[in-house]
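K.L.:
For reference, the structure I am asking about is given below.
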Amino acid sequence: MRRMAAPAPIDELKHTPLEPEHRRLGAKLAPFAGWLMPIEYEGALAEHRAVRERVGLFDLTHLGKVDVTGPGALGMLQRVVTNDLSKAAVGEALYNLVLNEGGGVIEDLIVYRLEPERFFVVPNASNAPRVLRMLEEEGAEDPLHLMYHQDWCFLAIQGPESVNVMTRLFPEASDLAFMRCAESEYRRRPVIVTRSGYTGEVGFELFTYQDVASELWADLSEAMSPFDGMPCGLAARDVLRLEMGYPLYGQDLFEASTALEAGLGWAVAMEKGPFRGREALVRQAAEGLPSRLRGLLMADRRHIPRAHYPVFDGDQLIGEVTSGTFSPLLQKGIALAYLWPGDVVDLGSAVEVDVRGRRGGAKVVRPPFVERSPL
């Protein structure tokens, strides 16, 4: 069983520039990935409902923000990430993985192509320094420049009304399709506007300088007030992403399991040429998967799966839950779990999850668990 690292002391944590606003709103703050972040305001259930039915505003400043520019940017990134960035036009984004030599997942991230020779990389908070170091150490035949934006904030507007909220401040947002991005301006500061998110709803993400974070938060809050929107914390975000079956790094993705085991082969472009971990994935695809990340839908609402709960097929231990929660939409427990070997059970098969000593029936399913679409 994997052990989770103990949280850092409060005085060692990084702080979002919006912390005073979060405290004013009565947010519950807690350590997360080396930062002191808002976990919830009015409650995860109310915030989940706001995003699914109306609109919600998230502070995600803890995530990394790296500019990679220059003639050598594309070639270098192609060797570090798994997807084929040469196929991304200016204004497009691609989901990517960073692998170790064994094909294990070091990181998952999104890369935005802002200009022909400028890429914007957004890694997870806990891995941002490691990703930056890997980019610095990867050789490049042509000149390139790396800029880690430690003085930038990151806000997200998510939900069915997000387009109406965004266009009040950024009219160009109405023309963005899913996984597209554009450069804009707010109070004379550059802003990267993206049509993306981690909730399964229509949504947008904004990157700009921290010195306008409070004003931007206030303007977005005012713009969403006619739609009864609300600020949302990381607890609601975790339930939202799990309903969509989106894996979380450090929870569902880690170096001991490969991209193929995690079911992310669609984000791996084997044909593009060499990248770290490619040979290991080729071997594994030929030999068969030792495990496979699957979705589990509980049969009884009383049984709520949680991380590290064992999964059984009869008396045989066949897996372990990595993420689990109660879905407010389905009124049932849902989970992601690694099942071993990869072909031990088929989709639709019945299994059991040991929920604190009691077996709860579950069906093996292919996520998403809920019928939503960010498109």
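The values are calculated or read from the model by the stated rules, or taken from the named source; none is laboratory data. Everything numeric here is computed off the predicted structure, so don't read it as measured data. For neighbour counting, all protein chains shown are included, and Cβ atoms are generated from backbone atoms with ideal geometry for every residue, glycine included. Accessible surface areas use protein heavy atoms only, side chains included; no ligands, DNA or RNA. Shrake-Rupley method; radii C 1.70, N 1.55, O 1.52, S 1.80 Å.
K.L.:
For the range 181-196: of the residues being open to solvent by 30 Å² or more (accessible area, probe 1.4 Å) and in contact (Cβ under 8 Å) with a residue 24 or more places away in the chain, which is nearest to the chain's Cα centre (by Cα)?
P.N.:
Only one residue fits best here, namely Glu183.
K.L.:
Give the residue, chosen from Ala256, Ala177, Ala173, that is out of contact with any Leu (no Cβ under 9 Å at 6 or more places or on another chain) and either closer than 23 Å to Glu92 by Cα or among the basic types (Lys, Arg) (or both).
P.N.:
Details: Ala256 fails: either closer than 23 Å to Glu92 by Cα or among the basic types (Lys, Arg) (or both); Ala177 fails: out of contact with any Leu (no Cβ under 9 Å at 6 or more places or on another chain).
Among Ala256, Ala177, Ala173, only Ala173 is out of contact with any Leu (no Cβ under 9 Å at 6 or more places or on another chain) and either closer than 23 Å to Glu92 by Cα or among the basic types (Lys, Arg) (or both).
K.L.:
Please note which strands (runs of 3 or more DSSP E) are completely contained in the range 308-375 and include at least 3 residues that are closer than 30 Å to Glu161 by Cβ, modelled with pLDDT of 95 or more and open to solvent by less than 60 Å² (accessible area, probe 1.4 Å).
P.N.:
316-327, 332-339
K.L.:
Of all residues in the range 262-302, which are of a type in the set (Lys, Arg) and either within 16 Å of Leu336 (Cβ to Cβ) or in contact with a helix residue (DSSP H, G or I) (Cβ under 6 Å, 6 or more places away or on another chain) (or both)?
P.N.:
At the first step, the residues of the range 262-302 found to be of a type in the set (Lys, Arg) are 272, 276, 278, 283, 292, 294, 301-302.
The answer is Arg292, Arg294.
K.L.:
Having 1 or more residues that are open to solvent by less than 20 Å² (accessible area, probe 1.4 Å) is the bar; report the strands (runs of 3 or more DSSP E) wholly within the range 112-180 that clear it.
P.N.:
Values: elements: 118-122, 145-148, 152-158.
Per the criteria, 118-122, 152-158.
K.L.:
Residues in the range 227-272 that are in a helix (DSSP H, G or I), more than 20 Å from Arg306 (Cα to Cα) and open to solvent by less than 10 Å² (accessible area, probe 1.4 Å): how many? First the steps, then the outcome.
P.N.:
First, pick out the residues of the range 227-272 that are in a helix (DSSP H, G or I): 227, 234-243, 265-267, 270-272.
Narrowing the set further to residues that are more than 20 Å from Arg306 (Cα to Cα) leaves 227, 265-267, 270-272.
From the residues that got through so far, the ones that are open to solvent by less than 10 Å² (accessible area, probe 1.4 Å) too are 267.
Residues in the range 227-272 being in a helix (DSSP H, G or I), more than 20 Å from Arg306 (Cα to Cα) and open to solvent by less than 10 Å² (accessible area, probe 1.4 Å): 1 in total.
K.L.:
I would also like to ask the following. Go through the range 42-96 and count every residue that is assigned to a strand (DSSP E or B) and over 17 Å from the mean Cα position of the chain (by Cα).
P.N.:
4
K.L.:
Here is a follow-up. Please work out which residue is most open to solvent (accessible area, probe 1.4 Å), limiting yourself to the range 93-108 and to residues that are out of contact with any Phe, Trp or Tyr (no Cβ under 7 Å at 6 or more places or on another chain), aliphatic (A, V, I, L, M) and more than 14 Å from Leu248 (Cβ to Cβ).
P.N.:
Only one residue tops the list, namely Leu94.
K.L.:
So how many residues does the range 24-41 have that are in a strand (DSSP E or B) and within 19 Å of Ser214 (Cα to Cα)?
P.N.:
The first filter runs over the range 24-41 and keeps only residues in a strand (DSSP E or B), leaving 28-32, 35-40.
Now drop any that are not within 19 Å of Ser214 (Cα to Cα), which leaves 28-29, 35-40.
Selection size over the range 24-41: 8.
K.L.:
Same structure, new question: Since Ala30 meets every condition but one in (1) touching a Phe, Trp or Tyr at 6+ places or on another chain (Cβ under 8 Å); (2) modelled with pLDDT of 95 or more, which condition does it not meet?
P.N.:
The one condition Ala30 does not meet is (1).
K.L.:
Would you be able to say whether some residue in the range 42-60 is closer than 18 Å to Asn124 by Cβ, open to solvent by 10 Å² or more (accessible area, probe 1.4 Å), in contact with a Leu (Cβ under 7 Å, 6 or more places away or on another chain) and touching a residue at least 60 places away in the same chain (Cβ under 8 Å)? It would help to see each step written out before you state the result.
P.N.:
Going residue by residue through the range 42-60, those that are closer than 18 Å to Asn124 by Cβ are 58-60.
The next check asks that each one be open to solvent by 10 Å² or more (accessible area, probe 1.4 Å); those that pass are none.
No, there is no match, as no residue in the range 42-60 is closer than 18 Å to Asn124 by Cβ, open to solvent by 10 Å² or more (accessible area, probe 1.4 Å), in contact with a Leu (Cβ under 7 Å, 6 or more places away or on another chain) and touching a residue at least 60 places away in the same chain (Cβ under 8 Å).
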